[in-house]
Amino acid sequence: MTSKTDRTADGSRTIGNTLEITDLSFRWDGHHQPLAYPEVRLPAGEHLFLQGPSGSGKSTLMSLIGGLIVPAAGSVRVLGT
């Protein structure tokens, strides 16, 4: 496994973005609107809080990030992979 890294002045490696989401979409079936996550970038060391009403896609997003479900389109990169 590789990750996108940068070098600091002392030569140690740092990770650029912990999470990168680009043009991600998911559709449960043909009867519902697709969920769309256009762009999310979470730099290393930053935190992200997901908030929204029931049914807004929070758990679906976490399942997409974790690779438990496959997106209809787009990409998810965690630690550069």
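Remarks
- Filter result for the condition that a residue is part of a strand (DSSP E or B) and at pLDDT below 90, over Asp10, Asp6: Asp6
- Residues (open to solvent by 90 Å² or more (accessible area, probe 1.4 Å) and outside any strand (DSSP E or B)) located in region 37-53: Glu46, His47, Leu48, Phe49, Gln51, Pro53
- All positions within region 58-73 that are open to solvent by less than 50 Å² (accessible area, probe 1.4 Å) and either in contact (Cβ under 8 Å) with a residue 24 or more places away in the chain or of a type in the set (Asp, Glu) (or both): Thr60, Leu61, Leu64, Ile65, Ile69, Pro71, Ala73
- Any chance Ser54 is without any contact (Cβ under 8 Å) to a residue 40 or more places away in the chain and out of contact with any strand residue (DSSP E or B) (no Cβ under 9 Å at 6 or more places or on another chain): yes
The values are calculated or read from the model by the stated rules, or taken from the named source; none is laboratory data. Note that this is a predicted model, so its numbers are computed, not measured. In this analysis, Cβ positions are derived from the backbone assuming ideal geometry, glycine residues included, and neighbour counts consider all displayed protein chains. Heavy atoms of the whole protein, side chains included, go into the accessibility calculation; ligands, DNA and RNA do not. Shrake-Rupley method; radii C 1.70, N 1.55, O 1.52, S 1.80 Å.
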